[in-house]
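Working notes for the structure below.
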Amino acid sequence: NANHTIPAIQRWDKNGQLESQEYYVNGKLNNFFNHDTNQIIPAYQIWHDDGQIWYQQYCTNGEVNNFFDTHTNQIIPAIQEWHRNGQLEYQKYYTNDKRNNFFDTNANHTIPATQKWYNNGQLWSQEYYINGELTNFFNTYTNKIIPALQSWHENGQLRYQQYHTNGKRNNFFDTNTNQTIPATQKWYNNGQLWSQQYYINGKDYNFFDI
(Lines give C-alpha, C1' and ligand atoms only; values in the text may rest on other atoms or scores of the structure.)
Protein backbone atom coordinates (compact mmCIF):
# COMPACT_ATOMS: atom_id res chain seq x y z
CA ASN A 1 0.00 0.00 0.00
CA ALA A 2 2.84 2.42 0.81
CA ASN A 3 4.60 1.52 -2.46
CA HIS A 4 8.13 1.96 -1.08
CA THR A 5 10.99 -0.19 0.16
CA ILE A 6 11.54 -0.63 3.89
CA PRO A 7 15.13 -1.28 5.07
CA ALA A 8 15.92 -4.85 6.08
CA ILE A 9 16.73 -3.72 9.63
CA GLN A 10 15.46 -0.69 11.58
CA ARG A 11 15.79 0.28 15.24
CA TRP A 12 14.06 2.96 17.34
CA ASP A 13 14.75 4.38 20.78
CA LYS A 14 12.15 4.30 23.55
CA ASN A 15 10.84 7.69 22.46
CA GLY A 16 10.09 6.49 18.94
CA GLN A 17 13.09 8.23 17.34
CA LEU A 18 14.66 6.21 14.55
CA GLU A 19 18.12 5.10 15.72
CA SER A 20 19.47 3.14 12.75
CA GLN A 21 18.63 1.37 9.52
CA GLU A 22 20.39 -1.12 7.27
CA TYR A 23 19.73 -2.07 3.66
CA TYR A 24 20.60 -5.58 2.48
CA VAL A 25 20.59 -7.47 -0.82
CA ASN A 26 21.00 -11.25 -0.72
CA GLY A 27 22.13 -11.11 2.89
CA LYS A 28 24.81 -8.49 2.27
CA LEU A 29 24.86 -4.81 3.24
CA ASN A 30 24.14 -2.78 0.12
CA ASN A 31 23.43 0.85 -0.71
CA PHE A 32 19.82 1.52 -1.73
CA PHE A 33 18.61 3.52 -4.71
CA ASN A 34 15.56 5.62 -3.85
CA HIS A 35 13.56 5.99 -7.07
CA ASP A 36 11.42 8.77 -5.58
CA THR A 37 14.36 11.07 -4.82
CA ASN A 38 16.71 9.63 -7.46
CA GLN A 39 19.40 9.32 -4.78
CA ILE A 40 21.52 6.58 -3.22
CA ILE A 41 20.96 5.93 0.48
CA PRO A 42 23.96 4.56 2.42
CA ALA A 43 23.69 0.88 3.33
CA TYR A 44 23.95 1.67 7.05
CA GLN A 45 22.94 4.82 8.94
CA ILE A 46 22.72 5.80 12.62
CA TRP A 47 21.19 8.97 14.12
CA HIS A 48 21.66 10.87 17.36
CA ASP A 49 18.59 10.98 19.61
CA ASP A 50 17.79 14.47 18.31
CA GLY A 51 17.51 13.17 14.75
CA GLN A 52 20.91 14.51 13.67
CA ILE A 53 22.88 12.09 11.50
CA TRP A 54 25.61 10.34 13.50
CA TYR A 55 27.06 7.67 11.23
CA GLN A 56 26.80 6.42 7.67
CA GLN A 57 28.49 3.65 5.72
CA TYR A 58 28.42 2.87 2.00
CA CYS A 59 28.62 -0.80 0.98
CA THR A 60 28.47 -2.74 -2.26
CA ASN A 61 27.74 -6.46 -2.02
CA GLY A 62 28.80 -6.42 1.62
CA GLU A 63 32.09 -4.65 0.98
CA VAL A 64 32.80 -1.18 2.35
CA ASN A 65 33.51 1.22 -0.53
CA ASN A 66 33.68 4.93 -1.22
CA PHE A 67 30.67 6.32 -3.05
CA PHE A 68 30.71 8.43 -6.20
CA ASP A 69 27.92 11.01 -6.09
CA THR A 70 26.85 11.62 -9.69
CA HIS A 71 24.93 14.76 -8.63
CA THR A 72 28.04 16.53 -7.29
CA ASN A 73 30.72 14.55 -9.16
CA GLN A 74 32.47 13.97 -5.86
CA ILE A 75 33.72 10.92 -3.99
CA ILE A 76 32.13 10.49 -0.55
CA PRO A 77 34.20 8.57 2.02
CA ALA A 78 32.90 5.06 2.67
CA ILE A 79 32.41 5.83 6.37
CA GLN A 80 31.61 9.13 8.05
CA GLU A 81 30.61 10.08 11.58
CA TRP A 82 29.45 13.42 13.01
CA HIS A 83 29.51 15.12 16.41
CA ARG A 84 26.20 16.17 17.92
CA ASN A 85 26.82 19.75 16.80
CA GLY A 86 26.96 18.59 13.16
CA GLN A 87 30.74 18.89 12.87
CA LEU A 88 32.34 16.00 11.01
CA GLU A 89 34.05 13.73 13.57
CA TYR A 90 35.81 11.23 11.32
CA GLN A 91 35.91 9.81 7.83
CA LYS A 92 37.42 6.70 6.30
CA TYR A 93 38.16 5.96 2.66
CA TYR A 94 37.83 2.34 1.52
CA THR A 95 38.43 0.44 -1.70
CA ASN A 96 37.14 -3.13 -1.92
CA ASP A 97 36.69 -3.36 1.85
CA LYS A 98 40.23 -2.11 2.58
CA ARG A 99 41.25 1.28 3.89
CA ASN A 100 43.16 3.30 1.30
CA ASN A 101 44.38 6.86 0.96
CA PHE A 102 42.34 8.91 -1.49
CA PHE A 103 43.83 11.10 -4.19
CA ASP A 104 41.63 14.15 -4.73
CA THR A 105 42.06 15.04 -8.40
CA ASN A 106 40.30 18.37 -7.92
CA ALA A 107 42.61 19.54 -5.13
CA ASN A 108 45.57 17.56 -6.54
CA HIS A 109 46.61 16.07 -3.22
CA THR A 110 46.30 12.84 -1.24
CA ILE A 111 43.84 12.64 1.65
CA PRO A 112 44.74 10.20 4.45
CA ALA A 113 42.59 7.07 4.53
CA THR A 114 41.35 8.03 7.99
CA GLN A 115 40.90 11.45 9.59
CA LYS A 116 39.31 12.50 12.87
CA TRP A 117 38.37 15.97 14.16
CA TYR A 118 37.47 17.56 17.49
CA ASN A 119 33.97 19.04 17.72
CA ASN A 120 35.44 22.50 17.02
CA GLY A 121 36.84 21.35 13.67
CA GLN A 122 40.44 21.03 14.86
CA LEU A 123 42.20 18.00 13.35
CA TRP A 124 42.55 15.23 15.95
CA SER A 125 44.31 12.47 14.00
CA GLN A 126 45.12 11.07 10.58
CA GLU A 127 46.20 7.66 9.30
CA TYR A 128 47.69 6.66 5.95
CA TYR A 129 46.81 3.24 4.55
CA ILE A 130 47.66 1.25 1.43
CA ASN A 131 45.53 -1.83 0.76
CA GLY A 132 44.38 -1.94 4.36
CA GLU A 133 47.84 -1.60 5.92
CA LEU A 134 49.18 1.39 7.84
CA THR A 135 52.09 2.76 5.80
CA ASN A 136 54.14 5.95 5.96
CA PHE A 137 53.30 8.49 3.25
CA PHE A 138 55.77 10.24 1.00
CA ASN A 139 54.75 13.85 0.37
CA THR A 140 56.02 14.70 -3.11
CA TYR A 141 55.54 18.45 -2.51
CA THR A 142 57.74 18.64 0.59
CA ASN A 143 59.88 15.62 -0.33
CA LYS A 144 59.36 14.29 3.20
CA ILE A 145 57.96 11.15 4.78
CA ILE A 146 54.84 11.62 6.92
CA PRO A 147 54.31 9.07 9.72
CA ALA A 148 51.56 6.54 9.02
CA LEU A 149 49.67 7.72 12.10
CA GLN A 150 49.63 11.10 13.82
CA SER A 151 47.40 12.75 16.41
CA TRP A 152 47.29 16.22 17.93
CA HIS A 153 46.21 17.80 21.20
CA GLU A 154 43.30 20.20 20.91
CA ASN A 155 45.76 23.12 21.11
CA GLY A 156 47.36 21.86 17.88
CA GLN A 157 50.46 20.43 19.58
CA LEU A 158 51.57 17.04 18.23
CA ARG A 159 50.50 14.32 20.66
CA TYR A 160 51.40 11.01 19.03
CA GLN A 161 53.02 9.56 15.95
CA GLN A 162 53.80 6.11 14.60
CA TYR A 163 55.92 5.01 11.65
CA HIS A 164 54.71 1.91 9.82
CA THR A 165 55.93 -0.12 6.87
CA ASN A 166 53.43 -2.51 5.28
CA GLY A 167 51.29 -2.50 8.40
CA LYS A 168 54.14 -3.08 10.87
CA ARG A 169 55.67 -0.56 13.24
CA ASN A 170 59.23 0.27 12.28
CA ASN A 171 61.79 2.91 13.22
CA PHE A 172 62.32 5.55 10.56
CA PHE A 173 65.71 6.65 9.27
CA ASP A 174 65.61 10.33 8.31
CA THR A 175 68.03 10.78 5.42
CA ASN A 176 67.92 14.57 5.85
CA THR A 177 69.31 14.46 9.40
CA ASN A 178 70.96 11.02 9.26
CA GLN A 179 69.10 10.07 12.42
CA THR A 180 66.82 7.19 13.36
CA ILE A 181 63.45 8.25 14.72
CA PRO A 182 61.66 5.85 17.10
CA ALA A 183 58.69 4.02 15.61
CA THR A 184 56.39 5.50 18.26
CA GLN A 185 56.56 8.79 20.15
CA LYS A 186 54.15 10.61 22.48
CA TRP A 187 54.19 14.20 23.75
CA TYR A 188 52.43 16.20 26.46
CA ASN A 189 50.33 19.16 25.33
CA ASN A 190 53.20 21.52 26.24
CA GLY A 191 55.49 19.79 23.72
CA GLN A 192 57.48 17.80 26.30
CA LEU A 193 58.28 14.26 25.14
CA TRP A 194 56.29 11.71 27.13
CA SER A 195 57.53 8.38 25.74
CA GLN A 196 59.16 6.67 22.79
CA GLN A 197 59.46 3.08 21.56
CA TYR A 198 61.79 1.50 19.02
CA TYR A 199 60.39 -1.25 16.78
CA ILE A 200 61.68 -3.53 14.02
CA ASN A 201 59.09 -5.42 11.98
CA GLY A 202 56.40 -4.79 14.56
CA LYS A 203 58.45 -5.91 17.57
CA ASP A 204 60.05 -3.91 20.40
CA TYR A 205 63.81 -3.62 20.05
CA ASN A 206 66.54 -1.78 21.93
CA PHE A 207 68.24 0.72 19.68
CA PHE A 208 72.02 1.04 19.37
CA ASP A 209 72.87 4.64 18.41
CA ILE A 210 76.04 4.64 16.37
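Mind counting the residues in segment 1-36 that are open to solvent by 50 Å² or more (accessible area, probe 1.4 Å), of a type outside the set (F, W, Y), under 27 Å from P77 (Cβ atoms) and out of contact with any Lys or Arg (no Cβ under 6 Å at 6 or more places or on another chain)? Count: 13. Before we move on, is T165 hydroxyl-bearing (S, T, Y) and modelled with pLDDT under 95? Yes; evaluated as a whole, the condition is true for this residue. Being within 21 Å of Q122 (Cβ to Cβ) and surrounded by 13 or more Cβ atoms within 10 Å (Cβ to Cβ): is that true of P77 here? So P77 fits the description; yes. Filtering segment 53-79 down to residues that are part of a loop (DSSP other than H, G, I, E, B) and touching a residue at least 12 places away in the same chain (Cβ under 8 Å), which residue is farthest from G27 (Cα to Cα)? Checking each candidate, the answer is H71.
The conditions are (1) open to solvent by 30 Å² or more (accessible area, probe 1.4 Å); (2) among the aliphatic types (A, V, I, L, M); (3) closer than 21 Å to G156 by Cα, and A113 fails exactly one of them. Which is it? With respect to (1) open to solvent by 30 Å² or more (accessible area, probe 1.4 Å); (2) among the aliphatic types (A, V, I, L, M); (3) closer than 21 Å to G156 by Cα, A113 is out only on (1). Within the set Y93, Y118, the sole residue that is in contact (Cβ under 8 Å) with a residue 12 or more places away in the chain, within 28 Å of N26 (Cα to Cα) and of a type in the set (F, W, Y) turns out to be Y93.
Considering the conditions (1) on the phi > 0 side of the Ramachandran plot; (2) at pLDDT below 95, T142 is excluded by exactly one of them, (1).
Let's see how each residue does on (1) open to solvent by less than 40 Å² (accessible area, probe 1.4 Å); (2) without any contact (Cβ under 8 Å) to a residue 40 or more places away in the chain; (3) among the charged types (D, E, K, R); (4) assigned to a strand (DSSP E or B):
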| site | (1), (2), (3), (4) |
| --- | --- |
| Y141 | no, yes, no, no |
| Q150 | yes, yes, no, yes |
| E154 | no, yes, yes, no |
| Y160 | no, yes, no, yes |
| T177 | no, yes, no, no |
| T180 | no, yes, no, yes |
| N190 | no, yes, no, no |
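The values are calculated or read from the model by the stated rules, or taken from the named source; none is laboratory data. Just so you know, these numbers come straight off a predicted model, no measurement behind them. FYI the Cβ positions are ideal-geometry reconstructions off the backbone, even for glycines, and counts take in every protein chain you see. With ligands, DNA and RNA removed, areas are computed over all heavy atoms of the protein, side chains included. Shrake-Rupley method; radii C 1.70, N 1.55, O 1.52, S 1.80 Å.
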